[in-house]
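The structure is given below, and queries will be raised subsequently.
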Amino acid sequence: MKPRHVLLAATALLVAVVLTGPVLAGDAALRTVAPPWSPPGPDLPLGADALGRDVLARVLTGGRELALTAGLSALTATTVGAALGVWAGWSRSRAAPVLTAAADLLLVLPLLLVALVAAVALPGPWAVVVGTVLGGSPLTLRVVADATRNARYTGYVEAAVGRGEPTATVLLREVLPAHAGLLGADLGVRTVLAVQLAAALAVLGYGPAPPAADWAVMLRENLPGMALNPAAVLAPAAALTLLTVVVAVAAQRLGQGRR
């Protein structure tokens, strides 16, 4: 099977689990059906978790909120970074270098520490958004600003400026479409960052509150019973890995397509 077909199959499987998993699992993810950490069997293909709940049902249910949080975080980070980057790259204002310098300062901050501070005051998902924006937007800003400076002196942009088109029109019709591949790849990278951040916060105890199912929370809940039912840890770990690999490969392909 060609790599492209493998990627498409993995993407389809992931989307199906995230979108339809909670419907297929129903309330089985919340019910106690066996002794804690029961091994896999005919009725429980992946065994039971720390509270005796069906691991398969919780895996089917645990991806939706995580994917939505990661997607929202990545979209916000890329949008903020792209908007500021286009302005910094196009504007001749003295404030543009100041904005770029501020982005450089944010890049040196420890991302997980920023997210942990945010998690003290905000719910876990919003802490992921804040951490992803503060940790991802500055780099997006720098990359988009450089690309915008280069685009400013291309023939099609100079022609649009020469025709007297308003700056907003030039940016929206000429500059931003030229950044489409770059922004698509950046969105993928920010999504991977958000997934990793959400998983780290959940393992540290800042994830969704029990009894909600979440792939990252399942890791923290079931690590003590790894020897009794490894599937309770390996299944959510595999789901998280699939999510990050699919997004990372898609982002890489977008970046290659841009070049």
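Here's a check for you: in region 155-201, which residue that is of a type in the set (S, T, N, Q) and touching a residue at least 24 places away in the same chain (Cβ under 8 Å) is nearest to residue 79 (Cα to Cα)? Give the derivation first.
Step one: list which residues in region 155-201 are of a type in the set (S, T, N, Q), which gives 167, 169, 191, 196.
Of the ones still in play, those that are also touching a residue at least 24 places away in the same chain (Cβ under 8 Å) are 167, 191, 196.
Working: 167: 19, 191: 13, 196: 20 Å.
Within region 155-201, the match that is nearest to residue 79 (Cα to Cα) is 191.
May I ask you to list pairs of residues, at least six apart or on different chains, whose Cβ atoms are under 6 Å apart, with the first in region 208-237 being over 14 Å from residue 46 (Cα atoms) and the second being among the charged types (D, E, K, R) and assigned to a helix (DSSP H, G or I)?
These pairs meet every condition: 213/58.
When you check residue 248 against the structure, is it touching a residue at least 40 places away in the same chain (Cβ under 8 Å), surrounded by 20 or more Cβ atoms within 10 Å (Cβ to Cβ) and either out of contact with any helix residue (DSSP H, G or I) (no Cβ under 6 Å at 6 or more places or on another chain) or part of a helix (DSSP H, G or I) (or both), yes or no?
No; evaluated as a whole, the condition is false for this residue.
For region 26-46, which positions are surrounded by 12 or more Cβ atoms within 10 Å (Cβ to Cβ) and either free of Cβ contacts under 8 Å to residues at least 40 places away in the same chain or touching an Asp or Glu at 6+ places or on another chain (Cβ under 8 Å) (or both)?
If the condition is that a residue be surrounded by 12 or more Cβ atoms within 10 Å (Cβ to Cβ) and either free of Cβ contacts under 8 Å to residues at least 40 places away in the same chain or touching an Asp or Glu at 6+ places or on another chain (Cβ under 8 Å) (or both), then 26, 28, 29, 31, 32, 33, 34, 36, 37, 44, 45, 46 are the ones that fit.
Can you say whether residue 151 is at negative phi and not in a helix (DSSP H, G or I), as far as the supplied structure shows?
no
For region 208-228, name all the residues that are surrounded by fewer than 16 Cβ atoms within 10 Å (Cβ to Cβ), at pLDDT 90 or above and not in a helix (DSSP H, G or I).
Selection gives 226, 227.
Test of understanding: among 49, 54, which residue is surrounded by 17 or more Cβ atoms within 10 Å (Cβ to Cβ), in contact with a Lys or Arg (Cβ under 7 Å, 6 or more places away or on another chain) and either among the charged types (D, E, K, R) or without any contact (Cβ under 8 Å) to a residue 24 or more places away in the chain (or both)?
Numbers: 54 fails: in contact with a Lys or Arg (Cβ under 7 Å, 6 or more places away or on another chain).
That would be 49, the only listed residue that is surrounded by 17 or more Cβ atoms within 10 Å (Cβ to Cβ), in contact with a Lys or Arg (Cβ under 7 Å, 6 or more places away or on another chain) and either among the charged types (D, E, K, R) or without any contact (Cβ under 8 Å) to a residue 24 or more places away in the chain (or both).
Tell me the residue from 19, 60, 14 that is hydrophobic (A, V, I, L, M, F, W, C), loosely packed, with under 13 Cβ neighbours inside 10 Å and closer than 30 Å to residue 252 by Cα, please.
19 is the lone residue from the list that is hydrophobic (A, V, I, L, M, F, W, C), loosely packed, with under 13 Cβ neighbours inside 10 Å and closer than 30 Å to residue 252 by Cα.
What number of residues within region 196-245 satisfy the criterion of being charged (D, E, K, R) and touching an Asp or Glu at 6+ places or on another chain (Cβ under 8 Å)?
Qualifying residue count for the region: 2.
One line per residue, one yes/no per condition, for (1) over 20 Å from residue 82 (Cα atoms); (2) over 17 Å from the mean Cα position of the chain (by Cα); (3) assigned to a helix (DSSP H, G or I); (4) of a type outside the set (Val, Ile, Thr):
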residue: 113; (1), (2), (3), (4): yes, yes, yes, yes
residue: 120; (1), (2), (3), (4): yes, yes, yes, no
residue: 128; (1), (2), (3), (4): no, no, yes, no
residue: 134; (1), (2), (3), (4): no, no, yes, yes
residue: 137; (1), (2), (3), (4): no, no, yes, yes
residue: 140; (1), (2), (3), (4): no, no, yes, no
residue: 157; (1), (2), (3), (4): no, yes, yes, no
residue: 160; (1), (2), (3), (4): yes, yes, yes, yes
residue: 169; (1), (2), (3), (4): no, yes, yes, no
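The values are calculated or read from the model by the stated rules, or taken from the named source; none is laboratory data. Source: prediction; values computed, not measured. Cβ sites come from the backbone with ideal geometry, for glycine too, and all protein chains shown count toward neighbours.
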